[in-house]
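Below is one structure; the comments refer to it alone.
The values are calculated or read from the model by the stated rules, or taken from the named source; none is laboratory data. Please read all numbers here as calculations on a predicted model, not as lab measurements. A quick note on method: Cβ atoms are made from the backbone with ideal geometry, for glycine too, and the neighbour counts reach across all protein chains shown. Heavy atoms of the whole protein, side chains included, go into the accessibility calculation; ligands, DNA and RNA do not. Shrake-Rupley method; radii C 1.70, N 1.55, O 1.52, S 1.80 Å.
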Amino acid sequence: MKDFMPLNVAILTVSDTRTTENDGSGDYLEAALTNAGHRCAERRIVADDVYRIRADVSCWIADPAINVIITTGGTGFTGRDTTPDALEPLFDQPIPGFGELFRQLSRKEVGSSTLQSRCVAGFVNHTLIFALPGSTNACRTGWEQILIEQLDSRHQPCNFANLVNGGSGHHG
């Protein structure tokens, strides 16, 4: 069996109202990824603005020490929900199955309201980016049912961990 390869993960909370004191989704993601053996390389909160989101994410994409970026918030349909709009133009390769699988899993919890989730993911400059909704329950679904396995270099038959910086360049 392969050894576990800890990844450096940056967390970006996209919100006009969250602060470090009430960012429950960011807190959950940081605890979950560190409990899984990964490192929280950096964590920020940014207003829901396309260019501010893009600026923070672009800095992390350019940093070879960051393997994964997880965003939380801004994936709905209100006028201020712009995370997918900010991220998708940056992707070298989108990962359409992520949003599809998230919505399928989320349907068990929120029913047809899952249609209003614009979760996206992509691969850019050897960095994985996953955009989750802002609720802690949605972050838990995304982490526990998708990301914990796909960011584990031991997961078979394939995983994303082996495709990022420091990885083997192969799926599994």
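Order Lys108, Lys2, most accessible first, counting only protein heavy atoms with a 1.4 angstrom probe.
I get Lys108, Lys2, largest accessible area first.
Just check region 1-120 against the gyration tensor rule for me: Cα atoms, a ≥ b ≥ c as the square roots of the eigenvalues, rounded for a/c under 1.5, and otherwise prolate or oblate depending on whether a/b exceeds b/c.
Judged from the Cα gyration tensor, region 1-120 comes out rounded (a/c under 1.5).
What is the percent carbon and sulfur in the accessible area of the chain, measuring with a 1.4 Å probe over the protein chains and ignoring ligands?
For the chain, the apolar C and S fraction of the accessible surface comes to 51 percent.
If you stretched the chain out fully between Lys2 and Asn137, how much longer would it get, using 0.36 nm times the residue separation minus the C-alpha to C-alpha distance?
Length difference between fully extended and current span is 45.5 nm.
5 Å is the cut-off here: which amide hydrogens, built 1.01 Å from N in the peptide plane, fall below it relative to Asn159, excluding neighbours closer than 5 in sequence?
Under 5 Å from the amide H of Asn159 lie the amide H atoms of Gly172, each far enough along the sequence or on another chain.
Which chymotrypsin sites (Phe, Trp or Tyr not before Pro) does region 71-153 hold that lie in a coil by DSSP with at most 11 other beta carbons within 10 Å?
Details: sites: Phe77, Phe91, Phe98, Phe102, Phe123, Phe130, Trp143; in loops: Phe77, Phe91.
Taking region 71-153 and a limit of 11 other Cβ atoms within 10 Å, the loop chymotrypsin sites (Phe, Trp or Tyr not before Pro) found are Phe77.
Hey, if we sort Tyr51, Tyr28 by accessible area with the 1.4 Å probe, largest down, what's the order?
From most exposed to least exposed: Tyr51, Tyr28.
So the label point goes 7 Å from the Cα of Tyr51 along Cα→C-beta, right? Which residues of region 68-90 then have their backbone N under 15 Å from it?
86
Note down the nm distance, to one decimal, between modelled labels 7 Å out along Cα→Cβ at Ala31 and at Arg80.
2.6 nm
Roll a 1.4 Å probe over the protein heavy atoms and report the accessible area of Asp3 in Å², nearest 10.
Approximately 130 Å² for this residue.
For the charge dipole of the chain, defined by +1 on Lys and Arg C-beta atoms and -1 on Asp and Glu C-beta atoms about the Cα centroid, which residue among Leu128, Ala55, Pro157 has the Cα displaced farthest towards the positive pole?
Pro157
Using a basic spin-label model with each label point 7 Å from the Cα along Cα→Cβ, how many nm lie between Ser112 and Ser58?
Placing both labels 7 Å beyond Cα along the Cβ direction yields 4.0 nm.
Mind checking which of Asn162, Asn35, Asn137 has the largest fluctuation in a GNM of the chain, springs on alpha carbons under 10 Å?
Asn35
In Å², and per residue, what accessible area does region 40-136 have when probed at 1.4 Å with the other protein chains present?
46 Å²
Based on the Cβ-Cβ distance from Gln156 to Leu105, what FRET efficiency comes out when R0 is 30 Å, to the nearest 0.05?
The computed FRET efficiency comes out at 0.90.
Stretch Arg39-Asn125 to full length: gain in nm at 0.36 nm per residue minus the Cα-Cα span? Each step should come with its number before you reach the end.
Details: separation 86, 0.36 × 86 = 30.96 nm, distance 1.95 nm.
Result: 29.0 nm gained on full extension.
Once phi is turned into ³J(HN,Hα) by the Karplus curve 6.51 cos²θ - 1.76 cosθ + 1.60 with θ = phi - 60°, what whole-Hz value does each residue of region 41-55 show in order, with x for glycine and proline?
For region 41-55, the Karplus-derived couplings read 6, 6, 9, 9, 10, 9, 5, 6, 9, 3, 6, 6, 4, 4, 5 Hz, x marking Gly and Pro.
Given springs between every Cα pair under 10 Å in a Gaussian network model of the chain, which of Thr17, Thr83, Thr34 has the largest fluctuation?
Thr17
Quick one: which residues, 5+ away or cross-chain, put their amide H under 5 Å from the amide H of Thr71? H built at 1.01 Å from N.
Result for Thr71 returns Leu12, Phe130, Ala131, Leu132.
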